[in-house]
Amino acid sequence: MKTLDVSYEAMGARTARFDDYARAEREGARADAVRALWGGQLVSLMGARNTRGRFAGPRVPSPARACTGYAAWDAGRGSLPYRNPDAMENILCLAGALRVRFGPDLAHEIRLARFDMLSIPADVLHEVSCHGADGAKALMLLNGEPDCAYPAIFPGPLPAAVDARELAALNARVEPGRGREADPDTMAQRVTRFATLVPYKRALNARSAIPAEATEWLTASSVFPLLVPEGHVGRSQDAPLKGGPGLYVAIAECVPDDGPLPHAHFDTQESFFVLDGEWDITWGFEDEYRLPVRACDLVGVPTGAMRAFRNTGKETARLFVIIQGQERMSDTVVYSPTVGEEVNRRFGPEVVEAFRKVNITFDAERA
């Protein structure tokens, strides 16, 4: 499979730097409306170019069906109650502590610590707030239909200061109704706790008899799948959460000077959001390009490009990996034939075949 050649300029246009975007959206009518409705800062990071709603105007392009935004709250601040009528909302706590109250009467709550994630089904009324003295940050990923406009519905009343034009620009509206029921036990099962995540090298060993050291040599020290589409088949099929088509997410964790071998995705876009530490995102068939990134930077690597990443810091660190594709993405991961030969030499042909069955192959060709 022929890979895609990507220039520094093209990859730079697919990068969102925290120092740039966190400062850029603090002032103006939109920022005022966002603070009135969501209690803090919302920044559009990634989505289709025609994405509407609160994450319109994304800095990094991606396939339809999902959009990604950054959120930050000061201590004691939080959103008004709202619901997403036609999109699932996945909230990953980046820093501090979050409290999410949910249900028609907001009678239940879930608290999220650093790197915990909650997946909220469509049309569930909820509010998100900082539950700590030092403020909080989150990544929000909305997952809907290809033509989803990502509306937000508030039961009202809204603050008088909210401008009608900005409300419309955010695709937000006031509408009676309190959304669908949300069973607290079911919602508790839609939380991934970072402290209890299981790396997929263990699942592949148990399911497919692939040695954990073979997976670790190809990929990162540990990859923790969080959410995959319902019915997904591949290396991450044992993820604890199931969602809609077109999106799956994971946390990749690497010890210093570790990372995956160069590889390509041919029916998905893979994007890296830095959770902590210092990293190089590399690309090209021989890893000839390098982009240093730091906490809260985002890089969207296009479909078909060879890519890798490496922890360049002195401590174990993590990336949030966002993989997006179409209705039935296989998310086949392709390495070079020389990597396949080395897998065969180290672990045997049966392991090469076992990798193939979970959509990991060794037939990448230089662009």
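Positive contributions from Lys and Arg (+1) and negative ones from Asp and Glu (-1), summed over other residues with Cβ under 14 Å from the Cβ of residue 78, come out at +3.
Across the accessible surface of the stretch 93-230, with the other protein chains kept in place and a 1.4 Å probe, carbon and sulfur atoms take up 50 percent.
Among the lysines, select those whose C-alpha is under 29 Å from the C-alpha of residue 242, and discard any that sit fewer than 8 residues away in the same chain. Partners within reach: 137, 201, 357. When the Gaussian network model of the chain links Cα atoms closer than 10 Å, the mean-square fluctuations of 52, 345, 310 top out at 345.
Near the amide H of residue 210, within less than 5 Å, lie the amide hydrogens of 205, all on another chain or at least 5 residues away, with H placed in the peptide plane.
Rg and Dmax, both from the Cα atoms of the stretch 263-302 and both in Å, are 10.7, 29. For the stretch 235-291, the C-alpha radius of gyration divided by 2.2 N^0.38 Å, with N the number of residues, is 1.31. Both numbers refer to the Cα atoms of the stretch 63-180; Rg and Dmax are 13.9, 39 Å. In order along the stretch 18-34, phi translates into HN-Hα couplings of 4, 4, 7, 6, 5, 7, 6, 10, 9, 10, x, 5, 5, 4, 5, 5, 4 Hz, rounded to whole numbers, per the Karplus curve 6.51 cos²θ - 1.76 cosθ + 1.60 with θ = phi - 60° and x for Gly and Pro.
Express the relative contact order of the stretch 79-228 as a whole percentage, based on alpha carbon pairs under 8 Å and six or more residues apart in sequence. Walk me through the numbers on the way to the answer.
Working: 282 pairs, mean separation 38.3, N = 150.
Computed value for the stretch 79-228: 26 percent relative contact order.
Which net charge results for the neighbourhood of residue 46, defined as the other residues with beta-carbon distances under 10 angstrom from its beta-carbon, given Lys and Arg at +1 and Asp and Glu at -1? Charge balance near residue 46 sits at +2. Counting only other residues whose beta carbon sits under 14 Å from that of residue 199, what net charge do I get with K and R as +1, D and E as -1? With Lys, Arg at +1 and Asp, Glu at -1, the net is 0.
How high is the relative contact order of the chain, given as a whole-number percent (alpha carbon pairs under 8 Å, six or more residues apart)? Can you show the working numbers first?
Details: 959 pairs, mean separation 61.3, N = 367.
Contact order relative to length: 17 percent.
A 1.4 Å probe run over the protein chains yields, for the stretch 56-155, 30 Å² of accessible area per residue, whole-number rounding. Phi-derived couplings, Karplus 6.51 cos²θ - 1.76 cosθ + 1.60 at θ = phi - 60°, listed residue by residue for the stretch 53-62: x, 5, 10, 5, x, x, 6, 10, x, 8 Hz, with x used for Gly and Pro.
Only protein heavy atoms count here; under a 1.4 Å probe, residue 175 has an accessible surface of about 60 Å².
The values are calculated or read from the model by the stated rules, or taken from the named source; none is laboratory data. Treat the numbers as computed from the prediction; the structure is a model and nothing was measured. Counting neighbours? That spans all protein chains shown, and the Cβs are built from the backbone with ideal geometry, glycine included. The accessibility values were calculated without ligands, DNA or RNA, using every heavy atom of the protein model including side chains. Shrake-Rupley method; radii C 1.70, N 1.55, O 1.52, S 1.80 Å.
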